[in-house]
1. Would you mind calculating the relative contact order of the chain from Cα pairs under 8 angstrom and at least 6 residues apart, reporting the percent as a whole number?
2. Mind putting together the pair-distance distribution for region 186-239? All Cα pairs, 5 Å bins, whole percent per bin, short to long.
3. Compute the whole-percent fraction of alpha carbon pairs in the chain spaced more than 29 Å apart.
4. Taking the Cα centroid of region 7-73 and of region 181-248, what is the distance between the two, rounded to the nearest whole Å?
5. Would region 1-126 count as rounded, prolate or oblate if I go by the C-alpha gyration tensor, calling it rounded below 1.5 in a/c and otherwise prolate when a/b exceeds b/c, oblate otherwise?
6. Return 79, 219 ranked ascending by Cβ neighbour count within 10 Å, so the fewest neighbours appear first.
7. Return the whole-Å distance between the Cα centroid of region 122-162 and the Cα centroid of region 92-112.
8. If you rank 42, 104, 93 by fewest surrounding Cβ atoms within 10 Å, what's the result?
Ligand code: HEM
């Protein structure tokens with residue numbers, strides 16, 4: 001790669017997505033699909049014939065273990081958003097004060113039949129990526145809250161058990177979906193938080209599904225119609241671009 005600006009016809013390869021960004025992306029895809037599958041089975045477990053309490057708790061436990069892997073992957077990416085390469089950083093990939101102008105220029109260039117090329121996300125993509133990241137964080141926080149209040153799993157499980165245990169009851173003896181040793185007043189006081197976390201979790205998942213569909217549609221459309229190679233770039237890390245990229 002030379003340091004001079006490429007001419008309109010020159011084709012150059014640029015290193016864009018660094019390894020941690022690519023790893024996060026594909027690990028996240030696999031874990032989100034697995035969580036949707038197990039979460040979906042949890043929602044329809046009665047229809048699927050899973051009626052025993054052990055089956056219900058087993059599914060939740062499996063979901064939470066996959067959820068931990070998802071949370072660790074996401075937290076690493078959140079740190080990488082501050083220390084990764086230029087295109088991995090949130091300062092570059094999220095919308096900023098210039099985004100409104102960039103979006104208008106992008107739209108008018110497309111309307112004029114031009115084909116602006118981007119190394120990072122295009123101006124529309126920046127909004128989609130911000131939305132997806134905010135939803136992933138919301139789902140992680142509410143999932144962890146729910147893991148603690150519903151099946152007493154870390155990081156909040158022991159604190160919830162200590163809060164709920166009746167006088168002279170060992171908090172560690174409290175079992176999920178078993179009222180033995182539980183102070184009913186405290187359990188009632190916890191219900192609104194538990195319920196809210198569960199509702200926000202599920203509605204954020206519905207919104208995420210919508211954004212994932214839009215994201216996949218937009219990426220395939222852009223690959224075919226505007227900027228070939230953006231999908232393979234998430235495997236190789238490199239974008240091959242003709243002419244001058246807008247965001248080098
Ligand atoms: C994108 C990632 C995730 C997706 C798509 C997802 C999906 C779902 C779905 C569809 C449900 C509803 C099941 C039901 O109503 O019975 C659910 C519930 C639950 N999720 Fe997740 N989840 C994700 C991440 C997490 C994480 C990171 C954790 C925590 C480690 C977690 C913990 C839970 C728990 C404890 C429940 C049970 C809540 C209840 O019984 O109401 N989830 N999840």
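Coordinate-derived values only; no laboratory data. Given the structure is predicted, the values throughout are model-derived calculations rather than measurements. Cβ: placed from backbone, ideal geometry, glycine included. Neighbour counts: every protein chain shown.
1. Working: 257 pairs, mean separation 73.7, N = 248.
In percent, rounded to a whole number, it is 30.
2. Spelled out per bin, shortest first, that is 4, 17, 13, 14, 10, 9, 8, 7, 6, 5, 4, 1.
3. Numbers: 13295 of 30628 pairs.
Of all Cα-Cα pairs in the chain, 43 percent lie more than 29 Å apart.
4. 11 Å
5. On the way: a/c = 3.18, a/b = 2.33, b/c = 1.37.
It is prolate, given that a/c is not under 1.5 and a/b is the larger ratio.
6. Values: 79 10, 219 16.
Result, fewest neighbours first: 79, 219.
7. Each part reduced to its Cα centre gives a spacing of 30 Å.
8. Values: 42 15, 104 11, 93 19.
Arranged by neighbour count, lowest to highest, 42, 104, 93 become 104, 42, 93.
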